[in-house]
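Accompanying notes for the structure given below.
The values are calculated or read from the model by the stated rules, or taken from the named source; none is laboratory data. Given the structure is predicted, the values throughout are model-derived calculations rather than measurements. Positions of Cβ are generated from backbone atoms using ideal geometry, with glycine treated the same way; all protein chains shown enter the neighbour counts. These accessible areas exclude ligands, DNA and RNA; they are computed on the full protein's heavy atoms, side chains included. Shrake-Rupley method; radii C 1.70, N 1.55, O 1.52, S 1.80 Å.
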Amino acid sequence: MRRSFILLASILLFISCKNDEKSEPNKRILSDSSGNINQLTVVIDNNLWEGKIGEAIREKLAAPVDGLPQEEPLFTLSQIPPETFTGFVRNSRIFLKVEQADSSGVKIIKDEYSRPQTGIVLMGSSENAIIKLVDQRSEEMIDLFKKAELKEKQRRIGKSLKKDNDLEDRFGISMKFPTAYRYAKESDDFVWIRKEIPKGNMEILVYEVPMNQIENDSSVISNITRMRDSIGEAEIPGPVEGSYMITEKAYAPYLFETKIDGKFAYETRGTWEVKNAFMAGPFVNYAIKDEKNNRYVIVEGFVFSPSRAKRDNVFELDAILRSVKFEG
């Protein structure tokens, strides 16, 4: 009786395994991807990397980030030759691979060696063909890698979220930010959230303005600058009497159009400074159009961290600000 039971169990297990193989024949167990945020692995022969192809890649993918007070690259590039792109090295979350082939083309790879992972393969028959691909497709590649890194940063932020209902009560929005941030200043129509970092701070502002404050006869960038300066004077004092935050006068901010939670938004990047004091740093501002309530909801992040790199600080703020959802 016992032998019959064991035989029956073995047959059922064999059938179950065969059914699983049929239903998911290509399913693989992938390890977790690795790498610092904005660390891009470039898989390319050493001689190509040291030549014109490498120069073209560096020019596009390590170009300076818009709006920072000092030059910092879009991505930190780490080059390795194809023969070493094996084992755990292939777990890089984002990678760019250059291959010489009979015809030119671009291939996008998702979760090939680890998860989550985004890879781009550039294929060309000659040096000039590959350089042409880099020039023509660089914006697309940068956008793809940035979206992957933004998603990863938001995933990491999600591991330790601060429980918060204040933004919904005041502005009808939610925003995902870590427990390391605290409320520094609150009123009915203005919120200031802060995170302390070594020798500095990371700040988030949330407020709203009437739609016509941004959409009037003046240029949008001028309107946003005036709006920021008026908020700075009213709400963000500097270290000495009569000082407050303004938009840096020497350089005009960068203005882009984007979407947040499906709503049109103006994205402004530039440098802030403190009037009557020696303080400055980068900011990113999103003016999100809320037609239903005839307003723009403003979410802004800015960093004070003298003599230190700030790219990754701004990227964290970006990930938080872009998590905004409108309730109801």
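Remark: Leu68 matches the filter, which requires a residue to be within 30 Å of Gly270 (Cα to Cα), touching a helix residue (DSSP H, G or I) at 6+ places or on another chain (Cβ under 7 Å), touching a residue at least 40 places away in the same chain (Cβ under 8 Å) and in a loop (DSSP other than H, G, I, E, B). Looking at Pro64, Pro82, which one is out of contact with any Lys or Arg (no Cβ under 7 Å at 6 or more places or on another chain), open to solvent by 40 Å² or more (accessible area, probe 1.4 Å) and farther than 19 Å from Met123 by Cα? Sole residue among the options that is out of contact with any Lys or Arg (no Cβ under 7 Å at 6 or more places or on another chain), open to solvent by 40 Å² or more (accessible area, probe 1.4 Å) and farther than 19 Å from Met123 by Cα: Pro64. One residue stands out in the range 71-85 among those that are among the hydrophobic types (A, V, I, L, M, F, W, C) and part of a loop (DSSP other than H, G, I, E, B): the one that is nearest to Ile37 (Cα to Cα), namely Phe75. In the range 231-244, is there at least one residue being open to solvent by less than 30 Å² (accessible area, probe 1.4 Å), touching a helix residue (DSSP H, G or I) at 6+ places or on another chain (Cβ under 7 Å) and aliphatic (A, V, I, L, M)? Scanning the range 231-244 turns up no residue that is open to solvent by less than 30 Å² (accessible area, probe 1.4 Å), touching a helix residue (DSSP H, G or I) at 6+ places or on another chain (Cβ under 7 Å) and aliphatic (A, V, I, L, M).
Quick one: is Lys259 open to solvent by 70 Å² or more (accessible area, probe 1.4 Å) and either among the hydrophobic types (A, V, I, L, M, F, W, C) or not in a strand (DSSP E or B) (or both)? Answer is no for this residue.
If the condition is being of a type in the set (Gly, Ala, Ser), surrounded by fewer than 20 Cβ atoms within 10 Å (Cβ to Cβ) and farther than 14 Å from Gly67 by Cα, then the range 275-308 contributes Ala277, Ser305, Ser307.
Of all the residues that make up the range 159-193, how many are open to solvent by less than 40 Å² (accessible area, probe 1.4 Å) and not hydroxyl-bearing (Ser, Thr, Tyr)? Selection size over the range 159-193: 11. Only a single item in (1) touching a helix residue (DSSP H, G or I) at 6+ places or on another chain (Cβ under 7 Å); (2) more than 30 Å from Thr247 (Cβ to Cβ); (3) not in a helix (DSSP H, G or I) is not met by Ile57, and it is number (3). The residue that is farthest from Val324 (Cα to Cα), counting only those in the range 109-134 that are touching a helix residue (DSSP H, G or I) at 6+ places or on another chain (Cβ under 7 Å) and open to solvent by 40 Å² or more (accessible area, probe 1.4 Å), is Glu127.
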